[in-house]
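Here, each number is a calculation from the coordinates, and none is a lab measurement. This structure is a prediction, so every number in the text was calculated from the model and none was measured. Note that we place each Cβ from the backbone using ideal geometry, even for glycine, and neighbour counts take in every protein chain shown.
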Amino acid sequence: MRNINSIIYWENKRRIKKLDSFREDVRKYYSNSTFNFLDGRNENQTAVQLRTKINEQLLSIESIVMKSGLPLMATHYPPPALGGFVKNINLIHNILTLSEHQIDYNVALDMIEISSGSYKDNIQSSILRTINPFYYLKELLMIVSEWLVSPLKPFLPNRFSNIIKNFLYILENIVVIYTLYLWWGKDIVVFVKHLLIFSK
């Protein structure tokens, strides 16, 4: 899944809709269930159905939140009277069992809301990427670089294959810009500089 600064408008819109829908499902789940430490969580029929729906989306929501630049983990400190180990809890992966870790589920909902806000702030940039032809050229060059490196991957560590792929991508950009310069002259340099700003 691509980072927030590498997606076009429709993908940005899809992620906002998915986050907002997921947040509402989690809120409804907790509204239709109760928890105590003796019996665990008691769910009515609505909560049972929502549990299935939420579980089916966990991996996707995890990726969307992570790609917006937010950490998924929260540190849980056990009460001093009870003792125990300090644990790092994945708020999304454990969103239906946060009560067992004595974490308010609203902490996870807040994180989802912040992530959704990040994508909403990204709408204008995603529109500029969508209408920028150099964005698609960049994507094409990345695909070509990946294809050129793929035969070497079994023989090289990931670090070196990524270095080669990035080098090829830079080389391809230089070739394309030089070709455009030969065709259209100095005016294309100014044109490329402006469009590359919007492709970020």
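List of remarks:
- Residue pairs, from the table K13/K120; K28/K67; K13/K138; K18/K120, whose Cα atoms sit over 19 Å apart: K28/K67; K13/K138
- Kirkwood Rh and Cα Rg combined as Rg over Rh, evaluated for the stretch 94-133: 1.32
- Working note: Cα atoms of the stretch 23-156, range along each principal axis, descending, whole Å: 58, 37, 26.
- Neighbours of S99 by Cβ distance under 15 Å: Lys/Arg scored +1, Asp/Glu scored -1, total 0.
- Quarter of the Cα convex hull surface for the stretch 21-76, i.e. its orientation-mean projected area (nm²): 4.8 nm²
- Spin-label pair Q45-N158: with each label point 7 Å from Cα along the Cα-Cβ axis, the two points sit 4.7 nm from one another.
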